[in-house]
Every structure is written in structure tokens, then in C-alpha cells.
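Where a number appears in this text, it was derived from the coordinates with a stated rule and is not lab data. Because the structure is predicted, anything quoted here is derived from the model rather than measured. Methodologically, a virtual Cβ is constructed for each residue, glycine included, from the backbone with ideal geometry; neighbour enumeration extends over all protein chains shown.
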Amino acid sequence: MAKIKAGVLGATGAVGQRFIEGLKDHPWFELTSLAASERSAGKKYSEAARWRLESEMPENAADMTVVNVNPKEVDADVVFSALPSDEAKRVELDFAAAGFAVASNAGAYRMAADVPLLIPECNQEHLEIVKIQQEKRGWSTGGFLTTNPNCTTIMFTLALKPLMKFGIKSVQVASMQAVSGAGYEGVPSMAILGNIIPYIGGEEEKVETEPQKILGTFDGQKIIDADFTVSASCHRVPVMDGHTEALWVCMAEDPTPEEVKKAMLSFDPGLGDLPTSPKKALIVKDEPDRPQPRLDRNRGNGMSISVGRIRSGIRFICMGHNTVRGAAGASILNAELMVKKGLL
Ligand SMILES: NC(=O)c1ccc[n+]([C@@H]2O[C@H](COP(=O)([O-])OP(=O)(O)OC[C@H]3O[C@@H](n4cnc5c(N)ncnc54)[C@H](OP(=O)(O)O)[C@@H]3O)[C@@H](O)[C@H]2O)c1
């Protein structure tokens, strides 16, 4: 099949760079457009962006001229958005209205009733709601908007999915979040080195509301939230990449740790036909001191979630790569699902 043209909005930033890395040599998508602020527009990407990843800047991106974040300037069928939330709020609907499939990583529209908040392993059927979105918003151009969750939400919500059958009643989560989650200039080194910052603005509100939408049911018209509560405490720790989370999950059926482990190990979301879907969405570690961000964040090319220390209660730890599984990789997997479902 001919490759689908892909653009990146916010291409020079931390997540934008992960998009470019993730789209390099992608079997279905071809990078055709890079957009960023007017500070970068008109420059060659290699001049506009300070590449911060360990991989080389892909050559096709380096030579591309950055354009403005404007539907008239972007040449693509699907756009991956890595824009700051306020800018995303201003432009993402314009892109959808203009006929682009928008796979957004920003928080602006995650909780809008007609916008799917996708983790393909959890709620691929929610993608159907884009047809209602197009009708309701009068978009006849074929464009639509999808989102992926906050980076902290993704890790533990994926781990909760196989536990839904036990009747989840409440979840408590304490996060230990990597500095890359705040962007390169987000947390000054003098604030975080040898330190922990027990506050991340706006994070707990997202973590306490997004999982119920993701694990909710789509009745053909609307998404009905799952009926459990989440209580969160979010903390920034001096780790480069990889969010670690401690979970306490109360369930009606009160499963044993062995039953929880079995449910996680047998979890097969049936997405093996998507190019970046990891062989195992959930990896269960038996060693008492795992998962650890430095050792486990790159499992499944950064797309697997590692779980460990499953104890009665039920308590466990989960961990995943925040800028891959928690950001760019999540949007790319969502776009692969759109292709599979015939929307692209
Ligand atoms: N970092 C993470 O782990 C993570 C995880 C999940 C979600 N997110 C979300 O992803 C988004 C991007 O985060 P980030 O860490 O990549 O941010 P970032 O490093 O600050 O990058 C922001 C990007 O947006 C562009 N931009 C900024 N203001 C703009 C404007 N007014 N008009 C057009 N373009 C503008 C910047 O272009 P210039 O270079 O030209 O200024 C840059 O390309 C945010 O919504 C964030 O909440 C981040």
C-alpha cells in the first residue's frame, strides 16, 4: 500500500522529536510535514530543533523546512500533535475541520464527550465515536480528532484493564515521574538533582478522571465512565525517562496476587497486526526489586508496561517510558489503529 502522509505539530519539542524518531522507517506512515511556532517556521529542521535524543536526527527530517502550525501549510493525511495544551486548544479543531486525522498527545480535548481517549489495548471500540463527532461538528471533510491519555494515566490504566473483570471499586496511585515529562526546559536541574518535588501542576486531576473514561463503555452514542474512583498523589523525581507508579486497587471479587498475575500474563489485546504494538503489552517481573526505570523502560521498544511486586491488597508497581508509551508512541499506535479500522 502507498504510505500515508504524516505531519508533526510541535515537531521541535521533546515529544515532537520522539514522533520523528518513531516515524522513521515506519511501514505505513511517511513523514511529509513538520510544523512548529513562528520562531522555527521557515528554517530547516536541523537549524530550528536542538535534537536531544540519543538516536541520530533522521536525515529526511533534518532537511525539511519547518512550516507554521496552520492547516493550509501542512501537507499530510494524519497529523500528530505535540503542541502545548493552549496552542492545541486553538488549532486542533481547525485541522480536523480541514480534513486531517488528528492524533493528539496534548490535554486540550481529552475529556470532550465526543473525542476518544484511546489506549488501543483498552478501548479500541471508542474510536467509533469519531463518526458521531464528525456529524455533530458538521465536519464533512473526513477529518476527526483523537487523543491519547496523560503519560501517568497510560501506565496504570493499561495494567488495570485485565483486572476490570474482578470489579474495580477504587484505585490509589502514587507516581514517581521522570523529568523528561516536563519537557527539556521544564524542571531546572538545581531544583530536581538530589531532590523530590511533591507537586506537578494539574497532574492529579487528569490522573483521577481519565481512567474512568478509557475503561468506560461505548453504547453506540456516548462513552459511559467506568464506576470506580481514583485518588492520586503525583511526584517529580530525578529520573531522566520512565514513570514509576505504586498502586493500591480495591476490587469486589478480592482476587489473590496469583489471580492478578495470571490475569495480567494472559492479557492479549489482539493487536499483533499493528507495527508498533509490543509483543507483550504487560510484562510481569518476578524479581522483588523490579521494575526499575533504567532497566525496564525500553522493553517492547518502549511500548510495554512492566509490572512487579504484586501483593495482597491488591498492591503493585508499574512502570513505562513516558515520552514513548506515554506520549509519541501512544499516538502512533492510535493512528495504526485508525488504519486498521479503515479511518485512514
Ligand atoms: N513530555 C512528555 O513526556 C509528555 C507526555 C505526554 C504529553 N505531553 C504533552 O505533549 C505536548 C508537548 O510537550 P513537550 O514536552 O514536547 O513540549 P516542548 O518541548 O515545550 O515543545 C513544544 C512544541 O510546540 C511548539 N510551540 C510552542 N508554542 C507554540 C505556538 N504558540 N505555536 C505553534 N507551536 C508552538 C514548539 O515550537 P518551537 O520550538 O518553535 O517553540 C515545540 O515544537 C504538551 O501538550 C504536553 O503536555 C508531554
In terms of modelled amide H atoms, which long-range or inter-chain residues lie less than 5 Å from the amide H of S231? V171, Q172, V173
Between helix 14-23 and the chain: long-axis angle, C-alpha atoms, 0 to 90°, nearest 10: 80 degrees
Check L145: other-chain or 5+ apart residues with amide H under 5 Å from its amide H, H built from backbone geometry? V102
Least to most buried among E205, E54 (fewest other Cβ within 10 Å first): E54, E205
What 222 nm value per residue comes from the helices of the chain, counting each DSSP H run with n ≥ 4 as -39,500 (n - 2.57) and dividing by all residues, nearest 500 deg cm²/dmol? -7500 deg cm²/dmol
Cross-link candidates for K169: which aspartates and glutamates have Cα within less than 14 Å, leaving aside residues fewer than 8 places away along the same chain? E208, D225, D227, E253, D254
Of S140, L215, S170, which is farthest along the charge dipole of the chain in the positive direction, counting Lys and Arg as +1 and Asp and Glu as -1 at C-beta? S170
Longest to shortest principal axis, alpha-carbon extents of segment 151-321, angstrom: 47, 35, 32
Sorting M303, M240, M155 on the 10 Å Cβ count, fewest up front, what's the list? M240, M303, M155
Tell me the label-point distance for the pair E128, R311, using the 7 Å Cα-to-Cβ offset, in nm and rounded to one decimal. 4.2 nm
Hey, how much of the P(r) for the chain falls beyond 26 Å, as a percent of Cα pairs? 46 percent
Take M264, M164, M251 and order them by how many other Cβ atoms sit within 10 Å, fewest up front. M164, M251, M264
Positive-end residue of A101, C250, S33, charge dipole of the chain with Cβ unit charges: C250
Give me the mean projected area, in nm² to one decimal, of the convex hull enclosing the Cα positions of segment 13-71. 4.0 nm²
Derived scalar couplings ³J(HN,Hα) [segment 41-47; Karplus, 6.51 cos²θ - 1.76 cosθ + 1.60; whole Hz; x for Gly, Pro]: 4, x, 8, 5, 4, 5, 8
Once phi is turned into θ = phi - 60°, what whole-Hz ³J(HN,Hα) does the Karplus curve with 6.51, -1.76 and 1.60 give for every residue of segment 333-342, x standing for Gly and Pro? 4, 4, 5, 4, 4, 4, 5, 4, 8, x
Using the Cα centre as the reference, give the magnitude of the dipole from point charges on the C-beta atoms of the chain (Lys, Arg: +1; Asp, Glu: -1; all else neutral), rounded to the nearest 20 debye. 260 debye
For segment 80-188, state which chymotrypsin sites (Phe, Trp or Tyr not before Pro) are in a DSSP loop and have at most 13 other beta carbons lying within 10 Å of their beta carbon. Y184
